[in-house]
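Q: I am attaching a structure below and will ask some questions about it afterwards.
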Amino acid sequence: MLSVMFAYEIAENIRQGKGSVLDVVTKALTRAKAVQEKHNAFITICEAEALARAKALDERLARGEVLGPLGGVPVVVKDNICTKGVRTTAASRILENFVPPYSATVVERLEHAGAILIAKSNLDEFGMGSSNENSAFGPTSNAWDESRIAGGSSGGSAVAVATGVVPLALGTDTGGSVRQPAALNGILGFKPTYGRLSRYGVIAYASSLDQVGILARNAKDIALAMNAMGGQDLHDATSLVDEPKFVEAVSKTGDLKGWKIGLIRELCSEGNSQGVQDALQQMCQKLEDLGAEIREISLPHVPYAIASYYIVAPAEASSNLARYDGILYGHREGENSLGQAKSMMKSRGVGFGPEVRRRILIGSYALSAGYYDAYYGKALKVRRLIANDFKEAFKEIDVLLSPTAPHSAFKIGEKSADPLAMYLEDIDTVAANLVGIGGISIPAGFSEGMPCGVQFLAPVMADERLLELAAILNQEIEVAQPWLS
Ligand code: GLN
């Protein structure tokens, strides 16, 4: 089936005139609908738009035009990334009917490269969650087991790729939301250095941490997407001057001789399931077999990353989400005669789900005048200490290694009544966002019959190194293919 091919294979076939874009897109849509019934992976399937675009691309091909490097590739985009003319909800009631008048830069660039948007994927409301259970549109279930969580917050994108609906999907990663669902569904999830992908048109959660990322089944596809989307964007003041060299990085094959890999001591023992520890062990063996040198390395402040993150992220969220007042933006509740203050309270009370309201409360509290120094100011200092740990570590080693999550996917409902247990799910991933570095989650085997992953982290702007590593490993690691069973 064409739609479960890799992105580079689809693009190559289309370039050679083997099959039509319409055929590829039709198959992807059929599969999307089947996956939707089982897993609730999407908020909107944009069938009419996708078919129209496929036909337009086929016409261009018929005229002898050459499409871009992703010509004919169907893609899914997380529903907190704006898509012109296609509803974008952030999985929130407050944006239930929002149809953006423009597309995010990342979407525009993917389309410019020839990709076709077929659906907007489900997520935790505004990206706040680790299981995809915080969506106003219901939870997404894991690609391998419908009774288990998809992970979050980019759970819908992960399931779309893991079930073979599309070879490429976009997510966002504020504290691990691309890497963790990728691990839990047995695929690759890549988040580059902060600033390497534009945030223009990405609905803000925590602006100093938010970064767009890519979910896929091999490194080559991620590289194609990164080269297509990367490069400075003048619409985003934090976008870096950059020349992405990912396609070049994945074409280097060979072994890992000369690579120094640091195992993060603080994340590689206590608190992980036996299955995750075993998967990590096997990965280390594989890396050594390929010639890499592995040494344990301590990042002493990493155990405080969760505490720092869960002050910084809600603080920024409380400010970013102030714009949804039912007056300028978002769902309005109640009669106009209520007056401004009551109308705003009512609209926000009804429009935001419980976790979003909790984060706004935590954030507002941490930022309030009397508590700023005690909480937000301290969290920033800890953030700096963590960054220094990484800086020191990278003087000695090329990449760092840890599990992506402490265990495989848990049951839907298992942790939803315990927000602190849910926050601890992010123990392995949040540090990279606090520091701004890139990371990739790579499938590493199974724990309790469910997929799990390991994460590699690289210094700022050295993201190409991660894809080079993933490409070398992929020669031997079988990427999970649940649709075949
Ligand atoms: N689980 C984390 C949170 O809830 C990270 C989410 C994300 O990366 N968007 O904040």
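The values are calculated or read from the model by the stated rules, or taken from the named source; none is laboratory data. Please read these numbers as outputs of a predicted model, since none were measured by experiment. Neighbour counts are summed over all protein chains in view; Cβ atoms, including those assigned to glycine, are modelled from backbone coordinates with ideal geometry.
Q: Looking only at segment 307-343, filter to residues that are hydrophobic (A, V, I, L, M, F, W, C) and crowded, with 20+ Cβ neighbours inside 10 Å; which one of those is nearest to residue 374 (Cα to Cα)?
A: 311
Q: Next question, about the same structure. Residues of segment 179-215 being in a loop (DSSP other than H, G, I, E, B), over 26 Å from residue 322 (Cβ atoms) and in contact with a strand residue (DSSP E or B) (Cβ under 7 Å, 6 or more places away or on another chain), which ones?
A: 186, 187, 192, 193, listed by residue number.
Q: Same structure again: For segment 435-452, how many residues meet the condition of being closer than 21 Å to residue 390 by Cβ and away from the ligand (no atom under 16 Å from the Cβ)?
A: Here the count works out to 1.
Q: Those residues that are within 12 Å of the ligand (Cβ to nearest atom) and either assigned to a loop (DSSP other than H, G, I, E, B) or not β-branched (Val, Ile, Thr) (or both), I need them from segment 167-178; list them, please.
A: Correct list: 171, 173, 174, 175, 176, 177, 178.
Q: Checking the structure you have, find out if any residue of segment 44-65 is under 27 Å from residue 217 (Cβ atoms), of a type outside the set (D, E, K, R) and in a strand (DSSP E or B).
A: Yes, segment 44-65 contains at least one residue that is under 27 Å from residue 217 (Cβ atoms), of a type outside the set (D, E, K, R) and in a strand (DSSP E or B).
Q: Further question on the same structure: Looking at (1) in a helix (DSSP H, G or I); (2) within 25 Å of residue 19 (Cα to Cα), which is the only condition residue 94 fails?
A: (2)
Q: Residues in segment 322-365 that are among the charged types (D, E, K, R), more than 16 Å from the ligand (Cβ to nearest atom) and free of Cβ contacts under 8 Å to residues at least 60 places away in the same chain: how many?
A: Within segment 322-365, residues that are among the charged types (D, E, K, R), more than 16 Å from the ligand (Cβ to nearest atom) and free of Cβ contacts under 8 Å to residues at least 60 places away in the same chain number 7.
Q: Return the total of residues in segment 118-138 being buried (at least 24 other Cβ atoms within 10 Å of the Cβ) and away from the ligand (no atom under 14 Å from the Cβ).
A: Number satisfying all stated conditions: 3.
Q: Considering 164, 186, 195, which residue is out of contact with any helix residue (DSSP H, G or I) (no Cβ under 8 Å at 6 or more places or on another chain) and away from the ligand (no atom under 11 Å from the Cβ)?
A: Among 164, 186, 195, only 195 is out of contact with any helix residue (DSSP H, G or I) (no Cβ under 8 Å at 6 or more places or on another chain) and away from the ligand (no atom under 11 Å from the Cβ).
Q: Of all residues in segment 230-275, which are at positive phi and out of contact with any Pro (no Cβ under 6 Å at 6 or more places or on another chain)? Write out each step before concluding.
A: First pass over segment 230-275, keeping only residues at positive phi: 231, 254, 258, 271.
Result: 231, 254, 258.
Q: List pairs: first in segment 10-33 and surrounded by 15 or more Cβ atoms within 10 Å (Cβ to Cβ), second of a type in the set (Lys, Arg), Cβ under 7 Å, 6+ apart or cross-chain?
A: 22/55
Q: For segment 136-164, name all the residues that are closer than 19 Å to residue 83 by Cα and part of a loop (DSSP other than H, G, I, E, B).
A: Passing the criteria: 137, 153, 154.
Q: For the condition within 23 Å of residue 211 (Cα to Cα), of a type in the set (A, V, I, L, M, F, W, C) and either within 14 Å of the ligand (Cβ to nearest atom) or at pLDDT below 95 (or both), what is the one hit in 387, 432, 421, 417?
A: 432
Q: Just wondering, is there one or more residues in segment 289-301 that are surrounded by fewer than 21 Cβ atoms within 10 Å (Cβ to Cβ) and assigned to a helix (DSSP H, G or I)?
A: Yes: one or more hits.
Q: Filtering segment 395-408 down to residues that are within 14 Å of the ligand (Cβ to nearest atom) and not polar (S, T, N, Q), which residue is nearest to residue 466 (Cα to Cα)? Give the steps one after another, and end with the answer.
A: Residues of segment 395-408 within 14 Å of the ligand (Cβ to nearest atom): 404-406.
If we keep only those that are not polar (S, T, N, Q) as well, we get 405-406.
Details: 405: 18, 406: 21 Å.
Here the residue is 405.
Q: Taking the stated definitions as given, is residue 208 within 16 Å of the ligand (Cβ to nearest atom), surrounded by fewer than 24 Cβ atoms within 10 Å (Cβ to Cβ) and hydroxyl-bearing (Ser, Thr, Tyr)?
A: yes
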